[in-house]
Amino acid sequence: MPRERTAYKELRKAKKRHFKNISTKSDLRTSVKNYESLVKAKKNEEAKKALSSLISKLDKAASKGIIKKNTAARKISRLMKKLSPQAKA
């Protein structure tokens, strides 16, 4: 356990950050699943809207350090790739 007052405060702050990061990651996973279900159902217009909000969420999480920037870029690339074959067909 921490000995100093500032260490206790840091512990509290870390706990808050931890739960916020977990909720953000959970929200990202939920959004990805919703997007993928729209792509499978071939609802292209709704999928495009979901993709734009999902890209925004991924970029924001990357800028805040919740996920790494390359991870966000890789996920965005793969999600866009899923939509493109349907758009062509």
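Every number here is computed from the coordinates shown, using simple stated rules; none is lab data. Quick caveat, the model's predicted, so the values are computed rather than measured. Using ideal geometry, Cβ is built from the backbone for each residue, glycine included, and neighbour counts are taken over all protein chains shown.
Given the rule -39500 (n - 2.57) for each run of at least 4 DSSP H residues, summed and divided by the residues of the chain, what is its mean residue ellipticity at 222 nm, to the nearest 500 deg cm²/dmol?
Helices in the chain give a 222 nm mean residue ellipticity of -31000 deg cm²/dmol.
Taking the dipole about the Cα centre of the chain, with the C-beta of Lys and Arg at +1 and of Asp and Glu at -1, give me whichever of THR71, LEU11, SER23 is farthest to the positive side.
After comparing all options, I get LEU11.
Tell me, what HN-Hα J-couplings in whole Hz come from the Karplus equation 6.51 cos²θ - 1.76 cosθ + 1.60 at θ = phi - 60° for each residue of the stretch 69-83, using x for Gly and Pro?
After applying 6.51 cos²θ - 1.76 cosθ + 1.60, I find 4, 5, 5, 4, 4, 5, 5, 4, 4, 5, 5, 5, 5, 5, 7 Hz.
Going down the list LYS33/LYS69; LYS13/LYS68; LYS49/LYS81; LYS40/LYS64; LYS33/LYS81; LYS40/LYS69, which pairs span over 24 Å between their C-alpha atoms?
Details: LYS33/LYS69 21 Å; LYS13/LYS68 21 Å; LYS49/LYS81 15 Å; LYS40/LYS64 31 Å; LYS33/LYS81 15 Å; LYS40/LYS69 27 Å.
Long pairs (Cα-Cα over 24 Å): LYS40/LYS64; LYS40/LYS69.
Taking θ = phi - 60°, what integer Hz values does the Karplus form 6.51 cos²θ - 1.76 cosθ + 1.60 yield along the stretch 23-40, in sequence order, with x for Gly and Pro?
5, 5, 4, 5, 4, 4, 4, 5, 5, 5, 5, 4, 4, 5, 5, 5, 5, 5
Given Cα pairs under 8 Å that are at least 6 residues apart, what percent is the relative contact order of the chain?
27 percent
Taking 0.36 nm per residue of separation and subtracting the Cα-Cα distance, what length does fully extending ALA14 through LYS82 add?
Full extension of this stretch gives 20.8 nm more.
What FRET efficiency comes out for the pair LYS25/ARG5, r = Cβ-Cβ distance, R0 = 22 Å, nearest 0.05?
So the FRET efficiency works out to roughly 0.10.
When the scattering of the chain is computed by the Debye formula from its Cα atoms alone, each counted once and equally, what is log10 I(q)/I(0) at q = 0.14, 0.24, 0.26 Å⁻¹?
-0.57, -1.13, -1.23
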